[in-house]
1. Which pairs turn up if I take residues in the stretch 159-170 that are of a type in the set (S, T, N, Q) and look for partners that are crowded, with 16+ Cβ neighbours inside 10 Å and assigned to a strand (DSSP E or B) with beta carbon separation below 6 Å, at least 6 apart in sequence or on another chain?
2. Name the single residue that is modelled with the highest pLDDT among those in the stretch 86-122 being over 24 Å from Pro164 (Cβ atoms), surrounded by 14 or more Cβ atoms within 10 Å (Cβ to Cβ) and among the charged types (D, E, K, R).
3. Just for the stretch 174-229: of the residues that are within 16 Å of ligand 3 (Cβ to nearest atom) and outside any loop (DSSP other than H, G, I, E, B), which one is farthest from Gly23 (Cα to Cα)?
4. List every residue pair whose Cβ atoms lie under 8 Å apart, where the two residues are 6 or more positions apart in sequence or sit on different chains, the first residue falls within the stretch 222-240 and is within 27 Å of Thr263 (Cβ to Cβ) and touching a residue at least 12 places away in the same chain (Cβ under 8 Å), and the second residue, located anywhere, is polar (S, T, N, Q) and in a helix (DSSP H, G or I).
5. So is Ser189 at pLDDT 90 or above, polar (S, T, N, Q), under 24 Å from the mean Cα position of the chain (by Cα) and surrounded by 15 or more Cβ atoms within 10 Å (Cβ to Cβ) or not?
6. All but one of (1) more than 16 Å from ligand 3 (Cβ to nearest atom); (2) of a type outside the set (Gly, Ala, Ser); (3) at pLDDT below 90 hold for Glu46, so report the exception by its number.
7. What number of residues within the stretch 144-186 satisfy the criterion of being aliphatic (A, V, I, L, M) and modelled with pLDDT of 95 or more?
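The values are calculated or read from the model by the stated rules, or taken from the named source; none is laboratory data. This is a predicted model, so every value here is computed, not measured. So basically every Cβ, Gly included, is an ideal-geometry build from the backbone, and we count neighbours across all protein chains shown.
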Amino acid sequence: MSWIREGELTIIERFCANIIKAGPMPKHVAFIMDGNRRYAQKCHVERQQGHSQGFDKLAQTLRWCLNLGIREVTVYAFSIENFKRSKEEVDGLMDLARQKFSRLLEEQENLKKHGVCIRVLGDLPLLPLDIQELIAQAVLATRNYNNDVSESLLDKCLYTNNSPDPDLLIRTSGEVRLSDFLLWQTSHSCLVFQSVLWPEYSFWNLCEAILRFQMNYSALQKARDSYTEERRRQQMERDQAYVTKKLQQEGFASHGDSRRRRTLLQKCTAMREERIQGFLQALEHKRADFFERLCTVSA
Ligand code: IPE
Ligand code: IPE
Ligand code: MG
């Protein structure tokens with residue numbers, strides 16, 4: 001039986017889901033699934049049992065998301081800091097992750113039919129040396145092209161570049177911090193902190209978080225729009241400054257000939273795009289090499 005698609009919503013849950021779906025819905029939700037050990041303590045069960053129920057709760061939550069039409073979910077299942085826990089706990093968590101995520105990946109093909117995509121992201125404790133080198137090379141190569149370096153380029157360099165920023169981020173267990181999770185990507189997301197421990201998370205908790213997103217929707221949207229507009233304006237300003245400098249070098253007055261200015265502007269944008277694509281491709285290759293080596297070492 002499928003791990004995700006087991007069971008459907010009850011009538012009352014379906015009814016409420018339909019009401020919620022009438023409002024603006026988050027397309028991408030991120031979860032910091034926290035509180036497994038406190039749950040185990042509260043229920044007088046083994047710690048590993050708390051983690052196991054936490055993974056099962058993830059499966060159930062994915063099913064709710066699917067039913068609510070949320071196609072993209074990112075979860076924080078393990079952090080680099082968590083390696084500082086006892087070896088027994090880390091090994092137990094890794095076993096669970098292997099077991100549960102491989103089942104999830106097996107279902108990927110089936111889920112694709114529903115437009116669901118699973119990506120496993122990892123934060124590395126240190127930037128691999130060759131990626132540091134690549135960045136250093138990029139800094140050297142672009143020192144004459146200051147207008148290449150922008151916040152959107154930084155977006156494109158992150159592992160999350162294929163995915164839109166989360167609209168909603170939920171952390172359970174009453175902790176009100178992000179613990180280094182998606183810091184850059186959530187600057188315009190609705191952050192919801194809930195006191196429920198992760199293994200006890202319910203459909204109603206999810207609905208409450210979505211309602212909070214809906215209540216803040218217009219403010220979030222406005223903030224995002226003005227941020228996008230500001231980025232566009234800054235890029236345009238940098239390009240215009242670059243063109244003005246070029247025109248001056250060619251001996252034109254800074255306001256220049258407007259046709260020449262337009263041509264230069266188009267050329268400058270096209271060349272920037274080409275340099276950026278080259279850089280991103282090189283970054284992608286370095287990453288692929290790095291992960292291949294990592295897999296060979298850990299195999
Ligand atoms: C979150 O629950 C799961 C992981 C970090 C793997 P915790 O294990 O942090 O449980 P609490 O927060 O100590 O209760
Ligand atoms: C948070 O883990 C990250 C996960 C839920 C995987 P912790 O519960 O250990 O977070 P901090 O260290 O207390 O912030
Ligand atoms: Mg915790």
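1. Partner pairs satisfying both residue conditions: none exist.
2. Glu89
3. Let us first name the residues in the stretch 174-229 that are within 16 Å of ligand 3 (Cβ to nearest atom), namely 174-181, 193-201.
The next check asks that each one be outside any loop (DSSP other than H, G, I, E, B); those that pass are 193, 198-200.
Numbers: Phe193: 21, Trp198: 26, Pro199: 28, Glu200: 26 Å.
For the stretch 174-229, the residue satisfying everything is Pro199.
4. Taking only residues 6 or more apart or on different chains, the pairs are Arg231/Ser152; Gln235/Asn147; Gln235/Ser152; Arg238/Asn146; Arg238/Asn147; Asp239/Asn147; Asp239/Thr269.
5. Values: at pLDDT 90 or above: yes; polar (S, T, N, Q): yes; under 24 Å from the mean Cα position of the chain (by Cα): yes; surrounded by 15 or more Cβ atoms within 10 Å (Cβ to Cβ): yes.
Here the answer is yes, as Ser189 does meet what is asked.
6. Just one mismatch for Glu46, condition (3).
7. 5
To keep it simple, each residue is scored yes or no on (1) under 23 Å from Thr10 (Cβ atoms); (2) surrounded by 19 or more Cβ atoms within 10 Å (Cβ to Cβ); (3) among the aliphatic types (A, V, I, L, M).
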position: Thr172; (1), (2), (3): yes, yes, no
position: Ser195; (1), (2), (3): no, no, no
position: Tyr201; (1), (2), (3): yes, yes, no
position: Arg212; (1), (2), (3): yes, no, no
position: Met215; (1), (2), (3): no, no, yes
position: Arg224; (1), (2), (3): no, no, no
